[in-house]
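Asker: This is the structure I want to talk about, given as structure tokens.
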Amino acid sequence: MNDFRSTTRFSNRVENYVKYRPHYPPEIIDFLKKECNLDENTVIADIGSGTGISAKMFLKNRNKVFGVEPNLEMRSAAENYLKEFKNFHSIDGTAEHTTLESNSVNMIVSGQAFHWFDLNECKTEFQRIISKNGFLILIWNERKENNDFMKAYYGLVERYGVDYEKINHAMNITDSVLSEFYSPGKLKKKVFKNPHLLDYQGFEGRLLSSSYIPLDGDNFGTMISELKQMYEKYNVNGEVSMEYETNVYYGKFK
């Protein structure tokens, strides 16, 4: 596995990831009830479940969720974050080797982590574990560089990010690639608005949650100084708004 795809990339960023990464719009659950037959009896595999952000939506809907996550620190964070939910089952596995039983889940969900998977191998594994007429749901937030603030922020990321361009290119999974991943004609897409409001602490934490941003070194102080100046310029009533859209790809997978 290439370094930029390493399952340990986020190990030293878990706290910031839990606190400051954007969540997903709660309206997704009602949407999936209408479009994908989601009900409280649907058994879900959340692949690359990370710190539990996507799993929590379904657990609140009373679903049984298997959270499959290879990163120990993130898996431990999810277990703590979701400890009140008895229907959450934490699994040490990968998208390519989930360890789940064949035909054991009705719905596979994957969030931002899908960009890191080996698509050929995980497709075979997904087909193995999902039941007949099961749905595959892919959910991730896409940034919108639609104003001066967002352009300035990602300009800073490009200047200071380590292997940022390489990762950004690797994570660019197009709709045409996804159409081939699903069965022919099965892929559908829904987009939700999802602005993420942050005070300065959250703004800095959001930056430092990214695996390509340095946590120390000669340029670290300069980077943080620029970030503070950016916040002072663009905040409104003590908050900046990170502009995202949440893409939901869905369709039957077997």
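The values are calculated or read from the model by the stated rules, or taken from the named source; none is laboratory data. Keep in mind that what you see is a predicted model, and the values were worked out from it rather than measured. Backbone-built Cβ (ideal geometry, glycine too); neighbour counts: all protein chains shown. For accessibility, only protein heavy atoms count, side chains too; no ligands or nucleic acids. Shrake-Rupley method; radii C 1.70, N 1.55, O 1.52, S 1.80 Å.
Asker: Here are some conditions: (1) crowded, with 20+ Cβ neighbours inside 10 Å; (2) modelled with pLDDT under 95; (3) assigned to a loop (DSSP other than H, G, I, E, B). Tyr17 meets all but one. Which one does it not meet?
Answerer: With respect to (1) crowded, with 20+ Cβ neighbours inside 10 Å; (2) modelled with pLDDT under 95; (3) assigned to a loop (DSSP other than H, G, I, E, B), Tyr17 is out only on (3).
Asker: Checking the condition among the polar types (S, T, N, Q) and within 23 Å of Phe192 (Cα to Cα), which residue from Asn87, Asn147, Asn103 passes?
Answerer: Details: Asn87 fails: within 23 Å of Phe192 (Cα to Cα); Asn103 fails: within 23 Å of Phe192 (Cα to Cα).
Selected residue: Asn147, the only one of Asn87, Asn147, Asn103 that is among the polar types (S, T, N, Q) and within 23 Å of Phe192 (Cα to Cα).
Asker: Based on what the data block shows, is Leu100 touching a Leu at 6+ places or on another chain (Cβ under 9 Å), part of a loop (DSSP other than H, G, I, E, B), surrounded by 19 or more Cβ atoms within 10 Å (Cβ to Cβ) and not aromatic (Phe, Trp, Tyr)? Show your work before the answer.
Answerer: Numbers: touching a Leu at 6+ places or on another chain (Cβ under 9 Å): no; part of a loop (DSSP other than H, G, I, E, B): yes; surrounded by 19 or more Cβ atoms within 10 Å (Cβ to Cβ): yes; not aromatic (Phe, Trp, Tyr): yes.
No.
Residue by residue, here is whether (1) under 15 Å from Ile47 (Cβ atoms); (2) of a type outside the set (Ser, Thr, Tyr) holds:
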site	(1), (2)
Glu84	no, yes
Leu100	yes, yes
Met107	yes, yes
Ser110	yes, no
Phe114	yes, yes
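Asker: Related question: Which numbered condition trips up Ile224, out of (1) modelled with pLDDT under 95; (2) out of contact with any helix residue (DSSP H, G or I) (no Cβ under 6 Å at 6 or more places or on another chain); (3) surrounded by 14 or more Cβ atoms within 10 Å (Cβ to Cβ); (4) of a type outside the set (Ser, Thr, Tyr)?
Answerer: Here Ile224 meets the rest and fails (1).
Asker: Right, next: Are there any pairs, at least 6 apart or on different chains, whose C-beta atoms fall under 7 Å, with the first in region 89-118 and among the acidic types (Asp, Glu) and the second open to solvent by 50 Å² or more (accessible area, probe 1.4 Å), and if so, which?
Answerer: Once the first residue is among the acidic types (Asp, Glu) and sits in region 89-118, its partners that are open to solvent by 50 Å² or more (accessible area, probe 1.4 Å) give Glu96/Asp118; Glu96/Glu121.
Asker: Which condition breaks for Tyr212 when tested against (1) at pLDDT 95 or above; (2) open to solvent by 30 Å² or more (accessible area, probe 1.4 Å); (3) in contact with a helix residue (DSSP H, G or I) (Cβ under 7 Å, 6 or more places away or on another chain); (4) not acidic (Asp, Glu)?
Answerer: In the conditions (1) at pLDDT 95 or above; (2) open to solvent by 30 Å² or more (accessible area, probe 1.4 Å); (3) in contact with a helix residue (DSSP H, G or I) (Cβ under 7 Å, 6 or more places away or on another chain); (4) not acidic (Asp, Glu), Tyr212 misses (1) alone.
Asker: Return the total of residues in region 62-88 being exposed (fewer than 15 other Cβ atoms within 10 Å of the Cβ) and either among the hydroxyl-bearing types (Ser, Thr, Tyr) or assigned to a strand (DSSP E or B) (or both).
Answerer: Our first condition is that a residue be exposed (fewer than 15 other Cβ atoms within 10 Å of the Cβ); within region 62-88, this holds for 62, 72, 76, 80, 83-84, 86.
Then drop every residue that is not either among the hydroxyl-bearing types (Ser, Thr, Tyr) or assigned to a strand (DSSP E or B) (or both), which leaves 76.
Result for region 62-88: 1.
Asker: Okay, next question. If you go through region 169-178 one residue at a time, do you hit one that is assigned to a loop (DSSP other than H, G, I, E, B), within 22 Å of Lys144 (Cα to Cα), under 22 Å from the mean Cα position of the chain (by Cα) and of a type in the set (Val, Ile, Thr)?
Answerer: Pass one, region 169-178, residues assigned to a loop (DSSP other than H, G, I, E, B): 171-174.
Narrowing the set further to residues that are within 22 Å of Lys144 (Cα to Cα) leaves 171-174.
Within this subset, residues satisfying the condition of being under 22 Å from the mean Cα position of the chain (by Cα) are 171-174.
Filter again for of a type in the set (Val, Ile, Thr), leaving 173-174.
Yes: region 169-178 contains one or more residues that are assigned to a loop (DSSP other than H, G, I, E, B), within 22 Å of Lys144 (Cα to Cα), under 22 Å from the mean Cα position of the chain (by Cα) and of a type in the set (Val, Ile, Thr).
Asker: Determine, yes or no, whether Ile224 is of a type in the set (Val, Ile, Thr) and either part of a helix (DSSP H, G or I) or more than 25 Å from Thr124 (Cα to Cα) (or both). Outline the logic, then answer.
Answerer: On the way: of a type in the set (Val, Ile, Thr): yes; either part of a helix (DSSP H, G or I) or more than 25 Å from Thr124 (Cα to Cα) (or both): yes.
Criteria met by Ile224.
Asker: What about Val162, is it out of contact with any Lys or Arg (no Cβ under 9 Å at 6 or more places or on another chain) and either loosely packed, with under 15 Cβ neighbours inside 10 Å or within 17 Å of Gln112 (Cα to Cα) (or both)?
Answerer: So Val162 fits the description; yes.
Asker: Could you check, for region 206-220, whether at least one of its residues is assigned to a strand (DSSP E or B), among the aliphatic types (A, V, I, L, M) and under 19 Å from Lys19 (Cα atoms)?
Answerer: Residues of region 206-220 assigned to a strand (DSSP E or B): none.
Checked region 206-220: no residue is assigned to a strand (DSSP E or B), among the aliphatic types (A, V, I, L, M) and under 19 Å from Lys19 (Cα atoms).
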